[in-house]
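A short write-up of the structure that comes next.
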Amino acid sequence: MSERTSQSAALSASVVFADWLPELEATEQILVGFSGGLDSTVLLRLLVEVVSAERIMALHINHGLSANAAGWQHHAAQVCLDLGIQFEAQSVSVTESGDGIESAARDARYAVFEKQLIKGGRLLLGHHADDQVETVLYRLLRGSGPRGLSGIPVTRAVGRGRLIRPLLEYPKAALEDYAHAQKLSWIEDESNQDNKFDRNYLRNRVVPALVERWPDYIQGVTHSAELSRQADQLADAVARADLDALEPRIERAGWSLALSGFDQLEPLRQKNLLRYWPQMYGLPLLNPTLIDETLNSLLPARGDSEPRIARRDLQLCRYRQRLYLLQRRSPLSGRAQVDQDLCLFWNGDEPLLLPDGNLLTAEPVLGAGLRVEDPESLTVRFRRGGERCQPAGRGHSNSLKKLLQEHALEPWWRERIPLFYIDEQLVAVGDLWVCEEWQAEADNKGLKIIWRTNSL
């Protein structure tokens, strides 16, 4: 028996889904990403052997990138009709980004998957061992580290559900043999022959040369991917331990860690921690250039300079011996600018959306909070300079500038903090203080102000 024949024999529904069947039986939603190509066709055909067809929904993403896209969708719908499987097609708009059209199509596709998945749902995709090899080689050529070289994960969280790739350990040859044996029909994407795309070049030009020289290259590459995955897991474990020792905090917006302990780490562990930290909150990983800029420019800057590094999707800031990680929702240069002459009327009944996207809400409380006898007289303004406040319980008033410094409110919030006025008198500062005269007394109703901040 040839190697291909033995691989094909191993490709049976009972073997492929042996580890996944209990999980699939327990979930309310089984969603299959179904292009109509070889991989997803084999996956779908195998799945209906172990799961009743009425429990499966095939989701076809029409990217609109090929003149044959409508025909592919029709074919996919017919396959599902023949199998008695629920079929849904969704069209997406693909806009090429800096990472190329392939990456943009993938992002559009996964956005649909995330939207479709219910809590606890399962998404099945047909990636196989050849895809794994291409991914590892591609990332190797792009200079990836252990995380990238670990390749495609067999399972991971997606949206509210989970992604499973049951065919990932099987070579494409096994899928082809199974498809021919079952007399399956599938579509062929003509773009797969276009070698201007990097992955196609690897598949069509590089891999055949590897096969000729190293027939068992798949096993070697997948083994290296597994070792890289283990190394990445070890690095994450070290990073988690280091982070736990650095007094991590959830801030008003974003997160921070203590630099006193960070400075004591070896440079390699500092870099490892910075790579790991953002992913804890679903943020993009810091690339090596940004990590080096953080270590070499941001952290050594003068103590009073309040340095920051801003990129498209995040910011790193240093303030009072802490390093802050912030999402960046709008292009900022330096501190946020707010219209100092802006005056907003607010009675506290409904949430108030501030110009910077942050939100004010209020809750009625007894014997605490802001005393407001006439809610219609309450206005919201922003700093103009020279404001003074005597926080409730404090023996004297101080300038707002001094109070904010004493409170250690981060500099990027000081020009954005909402100030509350009644008849031209400052009565409260954000959700930090109520001025002495305006504190609700015992048994009297007051307003508890909540300043909910979005990310920068």
Practice prompt. Being in contact (Cβ under 8 Å) with a residue 40 or more places away in the chain and hydroxyl-bearing (Ser, Thr, Tyr) is the filter here, so list the residues in the stretch 40-98 that pass it.
Written response: SER40, THR41, SER66
Item to complete: Quick one: ALA70 ticks every box in (1) part of a loop (DSSP other than H, G, I, E, B); (2) exposed (fewer than 14 other Cβ atoms within 10 Å of the Cβ) except a single one, so which number is it?
Response: (1)
Discussion item. Can you pull out every residue in the stretch 393-418 that is surrounded by 17 or more Cβ atoms within 10 Å (Cβ to Cβ) and either polar (S, T, N, Q) or assigned to a loop (DSSP other than H, G, I, E, B) (or both)?
Written reply: LEU409, GLU410, ARG416, ILE417, PRO418
Worksheet entry | Qualifying residue in the stretch 98-109 (condition: under 27 Å from TRP20 (Cβ atoms), surrounded by fewer than 17 Cβ atoms within 10 Å (Cβ to Cβ) and either β-branched (Val, Ile, Thr) or at pLDDT below 95 (or both)) | yes
Fill in: Residues of the stretch 14-31 classified as among the acidic types (Asp, Glu), over 20 Å from GLU169 (Cα atoms) and more than 25 Å from the chain's Cα centre (by Cα), total
1
Worksheet entry | Single residue of VAL206, VAL238 found to be in a helix (DSSP H, G or I) and outside the structural domain of GLY64 (by TED's automatic domain parsing) | VAL238
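The values are calculated or read from the model by the stated rules, or taken from the named source; none is laboratory data. Every value quoted in this text rests on a predicted model; they were computed, and no experiment measured them. Here Cβ is always computed from backbone atoms with ideal geometry, including for glycine, and neighbour counts include all displayed protein chains.
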